[in-house]
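Everything below concerns the one structure shown next.
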Amino acid sequence: MKKNIALGAALALATALPLHAASTDGKVRIGLLYTLSGPSAILGEQSRDGFLMAAEKLGNSFGGLEAEIIVIDDEQKPDVAVTRAREMVERDEVDFVVGPIFSNVLYAILQPVTQGGAILVSTNAGTSNLAGAECNPDLFVTSYQNDQIHEVSGKYAQDQGYGNVVLITPNYQAGKDAMTGFKHSYSGNVASEMFVPLGQLDFSAELAQIAAFQPDAVYAFMPGGMGVNFVKQYRQAGLETIPFLSAFTVDESTLPAQGADALDFLAGSNWAPDLDTPETAAFTEAFIAKYDRVPATFAMQAYDAAMLIDSALRITGGKLDDREALRAAMKQADFTSLRGDFRFGDNHFPIQDFYLTKVVQREDGHFATSIVQPIFEDYQDNFVSSCQM
């Protein structure tokens with residue numbers, strides 16, 4: 001695979017960001033901006049690897065253009081992300097910025113990227129405001145609107161007749177969206193809404209409160225290292241008899257560290273590595289062979305982002321200078337998603353299916369999520385009507 005991947009960080013904050021012209025040298029420049037250090041690095045690594053696997057499959061040619069791919073660590077810090085996003089657009093003259101993982105980072109980089117002349121493709125973060133009143137014609141999301149994943153567990157809890165639940169999330173925008181999403185589909189009693197600092201790793205106090213509440217179920221949104229510790233401590237506290245519902249807490253990014261502690265725990269997702277499509281089967285097998293780990297939804301969504309960019313450039317004949325035509329081509333989403341059915345709503349957020357998944361141990365020994373049942377089909381987010389584009 002021919003690729004030009006620069007691993008590094010930007011050096012200085014530009015005080016002004018001129019709109020760069022689209023490249024005319026037969027190349028497309030793509031910047032990947034992910035969290036690649038700290039406790040949540042595995043999320044960014046899954047995303048980076050998923051995108052690069054797609055680039056390799058495409059022969060590093062997107063719509064006939066040779067790709068230059070730059071990989072940058074945002075350190076999970078919005079201010080750092082802004083600096084590095086600005087430099088990717090101004091210094092490196094990227095045509096697309098792909099990423100990030102965290103919603104607060106997405107919101108921070110949106111204007112620097114899009115006002116600087118690049119198209120932003122979010123492969124994970126999808127805040128409600130950007131799906132609604134603050135939607136942006138140069139933002140495309142290949143994941144979901146944050147609330148939707150959490151609505152899966154809310155709907156399941158409602159269908160199971162759970163009358164009393166505890167919700168626990170980090171205290172940032174995606175955590176707030178998680179609470180909103182769960183309650184959108186759940187009308188029972190919420191015994192407690194627990195917000196913890198982003199990055200917290202000791203949950204002894206919160207688990208003691210959960211034990212005291214004795215709820216019918218617990219819903220947890222704990223991404224990355226937070227999820228690893230929360231699950232292990234949940235088992236250690238003897239709470240496994242209380243049904244465990246989640247999103248991004250037990251998935252392929254956390255399961256290598258959680259292992260058997262996560263077995264049979266439930267989650268909501270738009271995909272799992274055993275989804276019954278030929279594309280998923282091939283992708284999962286290839287990903288495991290290349291990286292010796294099972295792909296998470298983070299990898300799938302980034303893989304799809306690469307295929308989306310390729311599809312758009314095929315439609316435009318490799319032309320990057322007509323922004324309206326490029327946006328229209330992106331909106332068509334003329335590619336085969338690993339998740340099967342996929343199309344964009346008018347806010348550039350996906351319309352797709354969602355599933356309840358369960359943690360299992362595969363025949364090869366890897367722990368992974370597995371489809372239990374569909375929860376929502378062809379599901380659009382609840383904020384699109386507020387988007388005026």
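The values are calculated or read from the model by the stated rules, or taken from the named source; none is laboratory data. Because the structure is a prediction, the values reported are computed rather than measured. Virtual Cβ from ideal backbone geometry, glycine too; neighbours counted across all protein chains shown. Surface accessibility is based on the protein's heavy atoms, side chains included, excluding ligands, DNA and RNA. Shrake-Rupley method; radii C 1.70, N 1.55, O 1.52, S 1.80 Å.
Surface composition of the chain: carbon and sulfur make up 47 percent of the accessible area, probe 1.4 Å.
Determine the distance separating the Cα centre of segment 302-362 from the Cα centre of segment 203-246; give it in Å without decimals. Result: 35 Å between the Cα centres. When the C-alpha to C-alpha distance is required to be over 26 Å, the pairs from K183/K331; K183/K358; K27/K77; K77/K155; K57/K331; K57/K155 that qualify are K183/K331; K27/K77; K77/K155; K57/K155.
The Cα-based radius of gyration and maximum Cα-Cα distance (Dmax) for segment 270-313 are 10.8, 32 Å.
Secondary-structure-derived ellipticity at 222 nm for the chain, considering helices only, amounts to -11500 deg cm²/dmol, per-run term -39500 (n - 2.57) for DSSP H runs with n ≥ 4. Each of (i) 58, 54, 40; (ii) 63, 43, 38; (iii) 58, 57, 41 is a candidate for Cα extents along the principal axes in Å; the one calculated from this structure is (ii). Look at the dipole of segment 91-245 built from charges on Cβ: of L167, L106, A178, the Cα furthest out on the positive end belongs to L167. Its relative contact order, with pairs defined as Cα atoms under 8 Å and 6+ residues apart, puts segment 203-359 at 22 percent. Among E90, E68, the order of accessible area from largest down is E90, E68, computed with a 1.4 Å probe on protein heavy atoms. Counting only whole DSSP H helices of the chain, the ones at least 15 Å long by C-alpha along their axis and with mean Kyte-Doolittle hydropathy no lower than 0.0 are 103-115, 278-291, 297-315.
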